[in-house]
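Working notes, beginning with the structure itself.
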Amino acid sequence: MADGMFIEDLEEGQSASFSKTVTEGDIEKFAEVSGDTNPVHLDAAYAAGTVFKERIAHGMLGAGFISAVLGTKLPGPGAIYLSQSLKFKAPVKIGDTVTATGTITALDRNRRRATIATVCTVEGKPVIEGEAMVMVPSRES
């Protein structure tokens, strides 16, 4: 398997991270792909009149960085997302560097499931928190 881990390789406490600085282009592309054209993301004048006072990234754009961790690092290629809870704690703004981290909190080797605590931070402060469950390939199947 292309650099992915098997359920037999995983242990509670393992973690991995992915970081990306959010650009105006990222927000515009996400709006185009997702169809979410809420002006709080795209219109500076509109956003200035909101509680945020400026444009913010889509919450699901930030949450997508969690998918990057799970699909490319831990467990990595071959993992299948089964569920994800999310709590949006603070906005992500253009120029913010978001670090998404996943930490394995539980394993069910018989069912090939990993439960992973997920958090996205900006300057060390949580902006998104949640928990994922993924199905992980096994060497035996």
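The values are calculated or read from the model by the stated rules, or taken from the named source; none is laboratory data. Quick caveat, the model's predicted, so the values are computed rather than measured. Cβ placement follows ideal geometry from the backbone for every residue including glycine, while neighbour counts extend to all protein chains displayed.
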Residue list for segment 89-132, restricted to those being on the phi > 0 side of the Ramachandran plot and of a type in the set (D, E, K, R): Arg112, Glu123
Here's a check for you: in segment 73-112, which residue that is closer than 24 Å to Glu32 by Cα and among the β-branched types (Val, Ile, Thr) is surrounded by the fewest Cβ atoms within 10 Å (Cβ to Cβ)? Thr97
Which condition from (1) over 13 Å from the mean Cα position of the chain (by Cα); (2) part of a strand (DSSP E or B) is the one that Gly95 breaks? (2)
Anything in segment 1-30 that is modelled with pLDDT of 95 or more and on the phi > 0 side of the Ramachandran plot? List them, or say none. Gly13
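Can you give me the number of residues within segment 38-53 that are of a type in the set (Gly, Ala, Ser), surrounded by fewer than 16 Cβ atoms within 10 Å (Cβ to Cβ) and part of a helix (DSSP H, G or I)? Give the steps one after another, and end with the answer.
Within segment 38-53, the first condition is being of a type in the set (Gly, Ala, Ser), and the residues that meet it are 44-45, 47-49.
Applying the additional criterion that residues be surrounded by fewer than 16 Cβ atoms within 10 Å (Cβ to Cβ) yields 44-45, 48-49.
Among the residues that remain, those that are also part of a helix (DSSP H, G or I) are: 44-45, 48.
Of the residues in that region, 3 qualify.
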Would you confirm whether or not segment 68-75 contains a residue that is modelled with pLDDT of 95 or more and in contact with a helix residue (DSSP H, G or I) (Cβ under 7 Å, 6 or more places away or on another chain)? no
Out of the residues in segment 14-37 that are assigned to a loop (DSSP other than H, G, I, E, B) and without any contact (Cβ under 8 Å) to a residue 12 or more places away in the chain, state the one that is surrounded by the most Cβ atoms within 10 Å (Cβ to Cβ). Thr37
